[in-house]
Amino acid sequence: AASLDHPNIVPIYDAGDEDGLLYIAMRFVRGGLKTLLEHKGRLTVERTSSVIAQIASALDAAHDLGLVHRDVKPANVLISFGSGIEQQDHIYLADFGLMKHARSLGGLTGTGQFVGTLDYMSPEQIQGMPVDRRTDIYALGCILYESLTGEVPFDRDSDAAVMWAHLKEEPPSIRDRSRAAPPGIDDVITTAMSKSPADRFPT
């Protein structure tokens, strides 16, 4: 993460070992998308567009270096809230602890545990297949959906049901849940969250 110099990636100042305790020193950012969604329920189309565009810019920078984040979710999106004349929120993508090079192998650890967070996990991660930038694009589609509706795409009673939905079900229509959603948004979500990486947006 420290090697990624981008305005939408949280700056890492130092990392090390202090008497056996590992640490990372990074910029303090007060707000977060997860807390904002819990407080607001859903965001306006305009605010969502700004948030998603800034996350996407950060991901493009990582992807251009062949790096995959693998855990893009609201809890890893930090927000410096706009104030005064500059009202726009500034977004930072954080927590690159699961990041790996796209040429590396896929979504499971050596002990068979999943890498990532289930509500935003792509089908190929769930299946333990190789991942690339399109895995992050799937997760970004999930965040877009949640930002506009206040709900994750697949809200189920069990982890197994969530995994099944990511593997087999199409995301519900945003237009059915929010009259304020712009025309064409369902097509954007369907493409970003396609079961096949080849059918997703390439960037």
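The values are calculated or read from the model by the stated rules, or taken from the named source; none is laboratory data. Computed from a predicted model, the values in this text were never measured in an experiment. Every residue, glycine as well, gets a Cβ built from its backbone with ideal geometry; the counts of neighbours run over all protein chains shown. Please note that ligands, DNA and RNA were not included when accessible areas were found on the heavy atoms of the full protein model with its side chains. Shrake-Rupley method; radii C 1.70, N 1.55, O 1.52, S 1.80 Å.
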task = Please state which one of Ser147, Ser194 is part of a helix (DSSP H, G or I) and crowded, with 19+ Cβ neighbours inside 10 Å.
result = Ser147
query = Of the residues in region 109-125, how many are open to solvent by 20 Å² or more (accessible area, probe 1.4 Å), at pLDDT 75 or above and touching a helix residue (DSSP H, G or I) at 6+ places or on another chain (Cβ under 7 Å)?
reply = 3
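Against the definition (modelled with pLDDT under 95 and among the acidic types (Asp, Glu)), how does Asp157 come out, yes or no?
Answer is yes for this residue.
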query = Of the conditions (1) touching a Gly at 6+ places or on another chain (Cβ under 9 Å); (2) at pLDDT 95 or above; (3) not in a strand (DSSP E or B), Gly106 fails just one. Which one is it?
reply = (2)
ask   = What are the residues in region 54-80 that are more than 16 Å from Gly32 (Cα to Cα) and not in a helix (DSSP H, G or I), if any?
value = Leu65, Gly66, Leu67, Val68, His69, Arg70
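With the requirement that a residue be outside any loop (DSSP other than H, G, I, E, B) and small (Gly, Ala, Ser), what does region 1-50 give you?
Ala15, Gly16, Ala25, Gly31, Gly32, Ser49, Ser50
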Counted residues, region 174-189 - those being in a loop (DSSP other than H, G, I, E, B) and under 18 Å from Gly41 (Cβ atoms) = 4
task = Looking only at region 118-173, count how many residues are free of Cβ contacts under 8 Å to residues at least 40 places away in the same chain and either within 24 Å of His39 (Cα to Cα) or in contact with a His (Cβ under 8 Å, 6 or more places away or on another chain) (or both).
result = 9
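Out of the residues in region 83-99 that are open to solvent by less than 50 Å² (accessible area, probe 1.4 Å) and touching a strand residue (DSSP E or B) at 6+ places or on another chain (Cβ under 7 Å), state the one that is modelled with the lowest pLDDT.
Residue satisfying both the conditions and the ranking: Met99.
To keep it simple, each residue is scored yes or no on (1) at pLDDT 95 or above; (2) of a type in the set (A, V, I, L, M, F, W, C); (3) on the phi < 0 side of the Ramachandran plot; (4) surrounded by fewer than 20 Cβ atoms within 10 Å (Cβ to Cβ).
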{"site": "Leu4", "(1), (2), (3), (4)": "no, yes, yes, yes"}
{"site": "Tyr13", "(1), (2), (3), (4)": "no, no, yes, yes"}
{"site": "Leu33", "(1), (2), (3), (4)": "yes, yes, yes, no"}
{"site": "Leu43", "(1), (2), (3), (4)": "no, yes, yes, no"}
{"site": "Glu46", "(1), (2), (3), (4)": "no, no, yes, yes"}
{"site": "Leu59", "(1), (2), (3), (4)": "yes, yes, yes, no"}
{"site": "Ala62", "(1), (2), (3), (4)": "no, yes, yes, no"}
{"site": "Leu65", "(1), (2), (3), (4)": "no, yes, yes, yes"}
{"site": "Pro74", "(1), (2), (3), (4)": "yes, no, yes, no"}
task = Output the qualifying pairs, or none if there are none: Cβ atoms under 6 angstrom, residues six or more apart or on different chains, first residue in region 1-25 and in contact (Cβ under 8 Å) with a residue 12 or more places away in the chain and more than 13 Å from Asp95 (Cα to Cα), second residue open to solvent by less than 50 Å² (accessible area, probe 1.4 Å) and assigned to a strand (DSSP E or B).
result = Tyr13/Ala25
